[in-house]
Amino acid sequence: MLGNDISGFADPDYLAAAAEAGAAVVATHIRLAPRVRDPEPVYDDVLEEVCSYLVARAARATAAGVSPDRVILDAGLDLGKTAEQSLTLLRGSAVLARLGHPLLLSASNKTFLGVILDLDIDHRREASLAAAALGVSLGCRIVRVHDVARTRLVCDSLAAVLEAA
């Protein structure tokens, strides 16, 4: 069982319930509440601040009784971030992957891909596949996607190339 709470564990009962159920949890970086647009997301160092936030959320989860191996981290691309900040976090996946928990990548069809590449939502398939390939190559081990079959093919191809090297 996996709980994917993008609020950053805002519900005070969430972690205790997840621990009691033996569920894995996703600690997602978010500055405001879900679906609340952040008009001016400013960070001194977005990668450093997201890392600190995720480490603190992981500690909260384990303190609440969630097994450390059942805590997953998510940088929260597009959640309170500009397109450039989300891209910085995607490129920083190797740093995030070294925080000691599995890293989830949720880049599929995201707004930052549309902004960076000037693509509307119906034309982000290839960009989403490229983001998944980059993220996995940098340490993301869980991907949330819209095109499961093609993303699986990309990830399997990447694994085959890396294993052959």
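The values are calculated or read from the model by the stated rules, or taken from the named source; none is laboratory data. Fair warning: this is a prediction, and the values are worked out from it, not measured in the lab. Note: ideal-geometry Cβ built from the backbone for every residue, glycine included; neighbour counts use all protein chains shown. Accessible surface is based on the protein model in full, side chains and every heavy atom, while ligands, DNA and RNA are left aside. Shrake-Rupley method; radii C 1.70, N 1.55, O 1.52, S 1.80 Å.
Summary of values
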item: On Cα atoms only, tilt of 125-137 relative to the major axis of the chain in degrees; result: 60 degrees
item: Rough spin-label spacing in nm, given labels placed 7 Å along Cα→Cβ, for Glu48 and Ala63; result: 2.3 nm
item: Size of electric dipole in the chain: Cβ of Lys, Arg +1 and of Asp, Glu -1, about Cα centre, debye, nearest 20; result: 280 debye
item: Residue-normalised accessible area of the chain, given per residue in Å² at a 1.4 Å probe; result: 53 Å²
item: Calculated [θ] (222 nm, deg cm²/dmol) that DSSP helices of n ≥ 4 give over the chain, each run adding -39,500 (n - 2.57); result: -14000 deg cm²/dmol
item: Amide H contacts under 5 Å for Asp5, placed H, 5+ residues apart; result: Val26
item: ³J(HN,Hα) computed for each position of the range 36-43 - Karplus, 6.51 cos²θ - 1.76 cosθ + 1.60, integer Hz, glycine/proline x; result: 9, 5, 8, x, 9, x, 10, 10
item: Mean Cα-pair separation over length for the chain, i.e. relative contact order, pairs under 8 Å, 6 or more apart, %; result: 19 percent
item: For Thr88, net neighbour charge (Lys/Arg +1, Asp/Glu -1) across residues whose Cβ lies under 13 Å away; result: -4
item: Carbon/sulfur fraction of accessible area - the chain, other protein chains in place, 1.4 Å, %; result: 56 percent
item: Rounded tilt (10° steps) of 148-164 against the dominant C-alpha axis of the chain; result: 80 degrees
item: Under-5 Å amide H pairs with Asn109, H placed in peptide plane, nonlocal only; result: Ser128
item: Karplus 3J(HN,Hα) series, Hz, for the range 75-86 with 6.51 cos²θ - 1.76 cosθ + 1.60 (x for Gly, Pro); result: 5, x, 3, 6, 8, x, 9, 6, 4, 5, 5, 5
item: Inverse of mean 1/r across different Cα pairs in the chain, Kirkwood, Å; result: 16.3 Å
item: Loop sites in the range 66-163: trypsin sites (Lys or Arg not before Pro), DSSP, at most 11 other Cβ within 10 Å; result: Arg98
